[in-house]
1. How many of the residues making up region 240-281 are surrounded by fewer than 18 Cβ atoms within 10 Å (Cβ to Cβ) and touching a residue at least 60 places away in the same chain (Cβ under 8 Å)?
2. Please verify whether region 104-119 includes one or more residues that are part of a loop (DSSP other than H, G, I, E, B) and either assigned by TED's automatic domain parsing to the domain that holds E232 or within 22 Å of F194 (Cβ to Cβ) (or both).
3. Which is of a type in the set (D, E) and under 17 Å from Q45 (Cα atoms), of E86, E90?
4. Do we find that S306 is of a type in the set (G, A, S) and not in a loop (DSSP other than H, G, I, E, B) in this structure?
5. With the structure loaded, tell me whether E138 is surrounded by fewer than 18 Cβ atoms within 10 Å (Cβ to Cβ), within 30 Å of N236 (Cβ to Cβ), among the charged types (D, E, K, R) and not assigned by TED's automatic domain parsing to the domain that holds S272 or whether it fails that test.
6. Kindly indicate which of G101, G121 is of a type in the set (G, A, S), at pLDDT below 95 and out of contact with any helix residue (DSSP H, G or I) (no Cβ under 7 Å at 6 or more places or on another chain).
7. If a residue has to be in contact with a Lys or Arg (Cβ under 9 Å, 6 or more places away or on another chain) and of a type in the set (S, T, Y) to count, how many in region 273-289 make the cut?
8. From the list N77, N81, N65, which residue is in contact with a helix residue (DSSP H, G or I) (Cβ under 9 Å, 6 or more places away or on another chain), surrounded by fewer than 16 Cβ atoms within 10 Å (Cβ to Cβ) and either in contact (Cβ under 8 Å) with a residue 24 or more places away in the chain or under 22 Å from A149 (Cβ atoms) (or both)?
Amino acid sequence: MNNRKKKNQNSFKSTIFFKIIISALVILMFLCGVYVYKMYNRVFQPNVVLTTKHSKYLYIPTGSNFNDLKELLYKNNIILNLNTFEWLAEKKNYVNNVKPGRYFIKNQMSNNELINLLRSGEQTPLNLIFNNIRTEQELAQKISFQIEADSTDILRLLNDKEFLSKYHFTQQTIMSMFIPNTYEFYWNTSATQFFDRMYNEYLKFWNDKRIKKAEQIGLTPLEVSTLASIVEEETNKNSEKKRLAGVYINRLRKGMRLQADPTVIFAIGDFSIKRVLKKQLKFDSPYNTYKYKGLPPGVICIPSISSLNAALNYEKHSYLYFCASADFSGHHVFSKSLRQHNNNARKYQRALNRSRIMK
């Protein structure tokens, strides 16, 4: 009887122990499941929640650290749970490896996807565009709106004689280095890197073929750019540019002053002028082609490629004069004699008077 009782007690104990083990294993498995679920959520569940767009760009400035990045994510409302992002960033050693740039962020990205993108430094390039620029200030502002380089840094370099000398330009000629076009850039491009790239593009544009054409005309590439800038300011009609360039080439070869109104406007620095007055023609500046013979010392705007090509491939003719058409169409009338030109000019002046355009 005692033996049976002992057996029953041992069996009961074994059953209890087994149940405890099973319960412990179940609890452990449950805890493991919860842990795995939490880990999965931290790593793979969507944590980028963009409320207004399906995607956006994140701009990380040069010199940013991880705290700066967290502030950017918070301000831009990109991350739903910043704690899980920070946890994984530490695990993947991104905290000490923040890379500047412009990154394309998609809605519903996970922490893992976002961190892998940012840690890789695989930023999305942008298309940098500049045209219709007259002054250094305009260039600096337009570029700084598109890439990280600051406008003050660009302006400083545009006036740094020693810096410009490595590109073989001066303060008067440097604007010729910039060829208007669409260029692919990374956002975190510095001012110096921008200049380096533009110099390489300048060398590509001025290939052997174009340099030979300039030599045949009797001009240097810089002089072609200056002539093209005057053509650019005279008309926005590409169909007329070669003819206009031909007029100026004819005047240069005859030793005549170019007498280009846009050079006077540039010299004065007032681009609101619509009608150049006689007193303004006397403004003393090497850029005033009414006062000084030959080409100005530099461009009066950054000429477009169409104007550069028009100067290189100017139309051969006998015209020495041109005047804006009195119908304000933007076209010009051309003449070979001063008498004919004066007649055309009077028609245009009367049209300006009728329209009350006095300055």
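The values are calculated or read from the model by the stated rules, or taken from the named source; none is laboratory data. As the structure is a prediction and not an experimental result, all values here were calculated from the model. Backbone-built Cβ (ideal geometry, glycine too); neighbour counts: all protein chains shown.
1. 7
2. No, because not a single residue in region 104-119 is part of a loop (DSSP other than H, G, I, E, B) and either assigned by TED's automatic domain parsing to the domain that holds E232 or within 22 Å of F194 (Cβ to Cβ) (or both).
3. The match here is E86.
4. Answer is yes for this residue.
5. yes
6. G121
7. The total comes to 2.
8. N81
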